[in-house]
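Structure first, then comments.
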Amino acid sequence: MCQLSLKPEQVPMSQSHYPEVIQLMQQKHLRQGTLWVIFSTLLVQLLFFVNLWEHPPQPLPLTRLLAMAQVLISLLVLAVAAYLVNHTGEVGKPIRIFMALLVGLVWSLVSINIVESWGEYQSSKQIFMLGCLTVVIGWYTSRLMMFLSCSIILAAYAYLTLLHTGFESVTYYLAVLKFPLLITLSSLYLSRWYFFGLDRHSQSLELLERFRRETTLDPLTQVMNRRGFDQALSDGVASARRFEIPTSLMLVDIDHFKQYNDALGHDQGDKGLKLVASALSALMARQTDVFCRVGGEEFAVILSGTDMEGAKVMAQRMQQAMEGLNLPHPNSITSDRVTLSIGITEWREQDTAASLYRKADQALYHAKSQGRDCWAVDRLSLSL
């Protein structure tokens, strides 16, 4: 389906942490409102010309001229509407202003022509009210478009009132002034209701995000926990299969961590875990990189969009980060500092989340059997 995307008016939200979501919602609502305005405007034009065909007025040059102007502007509205429907990006301010001007003009012309063709001043007032109501309902999310279009319609209404009544009574002044007052009050009410709803939706998203963080965040290291890892791995495998993108999984184990705890105590062990988690998570440069704690001293890395060679580079960076951290390990038989063993695997077409994890675990076992403080690839990948 073709998408119509308009740039929404910039209305401040109450400290929303989801500006992209709110902007997309505003674009969606403004798109729907614009389609409503276009449909209503063209429908009224069609009904006018049907009535003009069935009940032709006396041949007046002004009537013909106004009718030709209506047809021309209606075609312009159709052209701009076609552009908006087929334009997937944000539409600039000049196009939105042009659209609002066209809509205001076409409603004004049909009202003026009703008076000029049949002398129906009261009917033209109903058209003015219908036009303003259509614009307010469709464009209350865009104050610029709404007020610009309504201003043209109200100017035409004031012109007809002056032409046919001469403002001989204060009642006519009130009749003209009540429209901008009603439009302003209606738009303010709808806008407040609309942006209040967006604000509440944003708050709901924030609460859901907070709940998600609390249920998927490891309280000690402040990285994603095993529950979050399971979900992220399932999503990563699904994305890899759907979009056919490379995805790698790494399992990282701190070597001889039990001996580290025995020698320095659990408090120092917790501090060591925090330092290692902080150093490794800092290497995750992309939003798609996922770093998790999946066990006591075991971590996992999901690299979406990264093949085996890229995962090997990440493993080397992890080893270098541990060298830079230089955390002393008094009871390690591998090194005098804390080291890592890393198992690496890459998603294959037949893999599920469970099979991918098993392959990474086998690669980790292979790294440990080689003497630790190294990384290894699962044997299936080695054979490919």
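The values are calculated or read from the model by the stated rules, or taken from the named source; none is laboratory data. If you're wondering where the values come from, they're calculated on a predicted model, not measured in any experiment. Cβ placement follows ideal geometry from the backbone for every residue including glycine, while neighbour counts extend to all protein chains displayed. Calculation scope for accessible area: heavy atoms of the full protein, side chains included, ligands and nucleic acids excluded. Shrake-Rupley method; radii C 1.70, N 1.55, O 1.52, S 1.80 Å.
Points to keep in mind about this one:
- Restricting the range 280-369 to trypsin sites (Lys or Arg not before Pro) in coil, as DSSP defines it, with at most 16 other Cβ within 10 Å: ARG286, ARG348
- Listed cross-link partners LYS28/LYS125; LYS312/LYS359; LYS258/LYS368 are compared with a 23 Å cut-off, the Cα-Cα value being larger for LYS28/LYS125.
- Against the criterion of solvent-accessible heavy-atom surface with a 1.4 angstrom probe, PHE98, PHE299 sort, most first, into PHE98, PHE299.
- The range 265-384, accessible area per residue, ligands and nucleic acids excluded (1.4 Å, Å²): 49
- When LEU102, LEU148 are compared by accessible area of protein heavy atoms, the largest-first order is LEU148, LEU102, using a 1.4 Å probe.
- Distance (nanometres) between label positions extended 7 Å along Cα→Cβ at SER369 and GLU120: 9.0
- Rounded accessible area of HIS55 (nearest 10 Å², 1.4 Å probe): 100
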